[in-house]
Amino acid sequence: MSERSSQNIVREIDAARNGLSQKEVAARLVQWGRNALPRERPLGALRLFIRQFTNPIGYILIFAAAVTFTIGHLVDGFFISVVVIANGLLGFIQERKAQTALIALRKFAKTEAVVLRDGSWRVIDAEDMVVGDIIAVRLGAKVPADARLIEAHALKTNEAALTGESDVVQKKIDPVPEDAPLYSRTNMLWLGTTVAEGEGTACVTATGAATEFGKIVGAVRNIEEPPTPLQKKLAELARLVGVLVLGFALIVFILGFLRGLPLFEMFLSAVALSVSAIPAGLLPGITIVLVFGMRRLVKRQALVRRLIANETLGAVTVICTDKTGTITTGQMRVTNILTTFAELLHDSDRAKNNHHASHLKALTAIVQTSSAFIENPDSARDHLIIHGSPTEQALLRAATEAGIDWQKINARRVDHLPFDSSRKMSIALMRTDGDYVLEVVGAPDFLIPSCNRIDYNGGSKPFTAEYTGKILRRFEELTAEGYRVVLAAHRHLKERPRRGELLNAVRELTLIGFIALTDPVRPDARQALIQTARAGVRTVLVTGDHKNTALAVALRAGLTVSAEEAIEGQALDQMSDAELRERVRSITLYARVSPLHKLRIVRALRENGEVVAMIGDGVNDAPALKSAHVGVALGSGTEAAKEVADIVLLDDNFHTLVNAIGQGRAMFRTIQKIFIFLLADDFAEIALFLAAMIAGWPLPLLPTQILWINVIEDSLPNMALTTEHDTKGVMEEPPRRLSDPIIDGRMGSFMGVTFLVSAAVVIGLFWQLNAGGVALSETRSIVFAVAALDSLIYAYSIRSLPRAIFNRDIFGNRYLNFAVVGGILLLMAAIYFPPLTQILGVVPLTVSAWGWILLIVAVEITIIEAAKRIFLGKYRSVGVKGAI
């Protein structure tokens, strides 16, 4: 289709210059389907269940069951098989939950498209597009389908996602050969690419699987995300623990064999010890925590696009953020229009609707250069749906309220260069009677040097030093009061500039006037900044606005910034990288910065050892977002920014990111709890067996008893702990370092004490009962009950980390309550249900025995709680300069 003209393409695919009707769209959706890329179907329930057994623990248990059946121990073989199926079922439930949660999150990761339907531009879900739709693309947009260009204004796209070429591609509407390679088809837009510069309109030629990107995805579909660094680190740790456990189990087996104990019984004991002590539930549990964390965050308006962001959030030490939409509401409105209909510049209260002709001229220039549009232009003014950046929306609304017909005016626009954060202006070329007018709107301090005349009573006057001084003073006053100010100017041209040379024509401008806008600070901004300071996180404002405007907004939000802590982009240009690394330690506000400045700031902070979260919304913010540890895009931002971001703030609110950091810290705390729970207590049985083999005691527990303890203490409580979500105090702690181990020295000391206490209890108990002449079956039954019960109570102790067990609502996790009750029922069944007592080799216990068991468990938990207080204590809150 690239070799034919755009007019021919429109005719061939039965498109319409005014867009398709809803009836035609419905028919084409039936014919071609939705504009969605092929996705690999998630694993079915049966395959997911079978996968639970394709791991070392599964292989060991299946092998043990096979050996047991082979030699005729049918009861033991049946019991081991039940344990295998029970473990597999619990793993299946966990993975199924995670899979369901991830699929549900996809609905939030939608791409929108601007489409012409029934003669009006509107924003729709990109999946509802069909072949023949007329689409509009602008700076930062993600191309929603393959399309043939109809119009292109300084349009360039980044096609690296499709072709691998990092250089942007200049687009044009001229035909090119059909057999040209993709990167040479300059009149085509491709699904999955992004608009790097300019804007254009195009006719959709292919959707979904029929697109070039869809063909590639169809050939190499893969929905699995690679493991995060934390998951890799935990996997390595789990493997190390597994090797140690197998080593100790082998030692137990050898010692028992040398003592002449039955070979088969020692084999099953070694297998049972291995299965009990290896933390098989660790990695599935961590995945559940991360996935459920993503689901919890999206309910709080933070969409996590990459799993790795979950674990990095809690370590963030610096947040770099613009003020618009995050610290402020993003709901801008025009408050003042300043023009020279007299000798001096005057304010005009737009609300009084007493617009002078010069005010209308300024607003007209705004409309002509704007990329914003109204979806429902025929509706009442209070119900208009305006699309565009917050600034452009406010300006277009002001122009519409002044009675300006934006559609009629823009019909005369023959070329357009939309606003770009690097050049700080937008430009439009308008056709008039016989000549052209160049309209320019942008940052005053960038455009004033290009002005040599000033609009005055329908004509113009030279832009003298007297006017310059007055204008700059008024501009400084407005910015100091926190207003965002844009300048409108124009230039009459006899000839049309050649394509791509609009920017070169921005000179010898006639200044029309200033438009001032206000953007209120969010009500929760001050509290959010206080919260970050207490959490040891420094907030840095990085904005393209004038320094005075940024300082005024920072002050209203409660961010204290001295003159030495604020700097402008021009000063950054004079600094070397080494100088910048030193200065970023103390700078709190960066004004008039370019995308390159943002990238340098992020890199300098990273090189200083900071963990950086960068908030951005523009296409040019993408490099800084990628360079940051956590790239954060605004929900109202460009698709290009969202594409590279790790997190999208669906409500654009800074406080949402602060909450997400707290959630990230809470998730890491939950991961620590699961790790400690699965490891610290499980080694007690191995210590007991080693002591028994060395001391010449009989087997302290039977293999079936060990496996039943494993079912009671690890499976259900472990699943319940994955639902933990303790945020209390997390934002009073300093951030953890990414290089810190999962278990630091204090946590390691606590784990060590827990292991020693648990091991000492079961070893001492078995020794005392065995030496006291208590029957072996009763001794094993009491040790069995203590080992199972102390793990269930220990789960509550771990849940309250780092606080004491009674300093938190002890029964606040209903899932853990159900798990503990279920564990107790399983324990009671093992001791009092005759068929099960026979299989497990236990005997019913008396009330007196239960009294001693409860006392022993109480003493054990008390000692563990004392260790918790000694080694963990209370975290201290930290303060950061810059917030009240």
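The values are calculated or read from the model by the stated rules, or taken from the named source; none is laboratory data. Please read these numbers as outputs of a predicted model, since none were measured by experiment. As a convention, Cβ positions derive from the backbone with ideal geometry for all residues, glycine included, and neighbour counts pool all protein chains shown. Protein only, heavy atoms only, side chains kept; ligands, DNA and RNA dropped before computing areas. Shrake-Rupley method; radii C 1.70, N 1.55, O 1.52, S 1.80 Å.
If a spin label sat at a point 7 angstrom from the Cα of Arg746 along the line to its beta carbon, the backbone N atoms of the range 649-675 nearer than 14 Å would be those of 669.
Full extension from Leu493 to Ala235: what is 0.36 nm times the residue separation minus their Cα-Cα distance, to one decimal in nm? Between Leu493 and Ala235, full extension yields an extra 86.1 nm.
A 1.4 Å probe over all protein chains sorts Glu778, Glu481 by accessible area into Glu481, Glu778, starting with the largest.
Measuring between alpha carbons in the structure, the pairs from Lys233/Lys626; Lys673/Lys728; Lys673/Lys868 lying more than 18 angstrom apart are Lys233/Lys626.
Candidates Gly635, Ala309, Thr194 compared by Cα position along the dipole of the chain: farthest toward the positive end lies Gly635, with charges placed on Cβ. Element breakdown for the range 714-872 at a 1.4 angstrom probe: carbon and sulfur atoms account for 69% of the accessible area.
In the context of the full protein assembly, Thr727 retains an accessible surface of approximately 60 Å², using a probe radius of 1.4 Å and ignoring ligands and nucleic acids.
Excluding ligands, DNA and RNA, the accessible surface per residue across the chain is 42 Å² with a 1.4 Å probe.
When nucleic acids and ligands are ignored and a 1.4 Å probe is applied, His356 ends up with an accessible area of around 60 Å².
Counting every alpha-carbon pair across the range 587-687, the share separated by more than 18 Å comes to 58%. With the charge dipole of the chain set up from +1 on Lys and Arg Cβ and -1 on Asp and Glu Cβ about the Cα centre, the Cα lying farthest toward the positive end among the listed residues Leu255, Thr326, Pro834 is that of Thr326. The label-point distance for Val176 and Val821, in a model that sets each label 7 Å from Cα toward Cβ, rounds to 6.7 nm. Principal-axis analysis of the Cα atoms of the chain puts helix 776-799 at an angle of about 20° to the longest axis. Each DSSP beta bridge with both residues in the range 561-719 is either parallel or antiparallel, and the antiparallel ones are about 0%. Size descriptors for the range 670-791 (Cα atoms only): Rg and Dmax, in that order, 17.4, 55 Å. Over the chain, dividing the summed -39,500 (n - 2.57) contributions of all DSSP H runs of at least 4 residues by the number of residues returns a 222 nm mean residue ellipticity of -15000 deg cm²/dmol.
3J(HN,Hα) couplings calculated from phi for the range 262-279 with the Karplus curve 6.51 cos²θ - 1.76 cosθ + 1.60 (θ = phi - 60°) are, in sequence order, x, 4, 5, 5, 5, 4, 5, 5, 4, 4, 4, 4, 4, 5, 6, 8, 5, x Hz; Gly and Pro show x. Across the options Phe654, Gly618, Ile674, the greatest Cα extent toward the positive end of the charge dipole of the range 603-677 (unit charges at beta carbon of Lys, Arg, Asp, Glu) belongs to Ile674. I'd like the distance between the alpha-carbon centres of the range 237-256 and the range 436-491, rounded to an integer number of Å. Comparing the Cα centres of the range 237-256 and the range 436-491, I get a distance of 78 Å.
Charge dipole (Cα centre; +1 on Lys/Arg Cβ, -1 on Asp/Glu Cβ; no other charges) of the chain amounts to roughly 600 debye. A straight line joining the Cα centroids of the range 590-654 and the range 699-714 runs 52 Å. Residue separation of Leu263 and Trp852 scaled by 0.36 nm, minus their Cα-Cα distance, works out to 208.6 nm of gained length.
Centroid-to-centroid, using Cα positions, the range 356-406 and the range 169-201 are 31 Å apart.
Amide H to amide H distances under 5 Å link His416 with Leu429, where only residues 5 or more positions off or on other chains count and H is placed in the peptide plane. With each label modelled as a point 7 angstrom along the Cα→C-beta vector, the Glu579-Arg34 pair spans 5.5 nm. Counting only protein heavy atoms and a 1.4 Å probe, tell me what percentage of the range 238-305's accessible area is made up of carbon and sulfur. Of the solvent-accessible surface of the range 238-305, carbon and sulfur hold 72 percent. Using only the C-alpha atoms, the convex hull of the chain corresponds to 193 Å³ per residue. Principal axis extents of the Cα atoms in the range 282-340, from largest to smallest and rounded to whole angstrom, are 71, 24, 13. Rounded to whole numbers, the Karplus 3J(HN,Hα) couplings from phi for the range 539-547 are 9, 10, 8, 10, 9, x, 6, 4, 4 Hz, using 6.51 cos²θ - 1.76 cosθ + 1.60 with θ = phi - 60°, and x at Gly and Pro.
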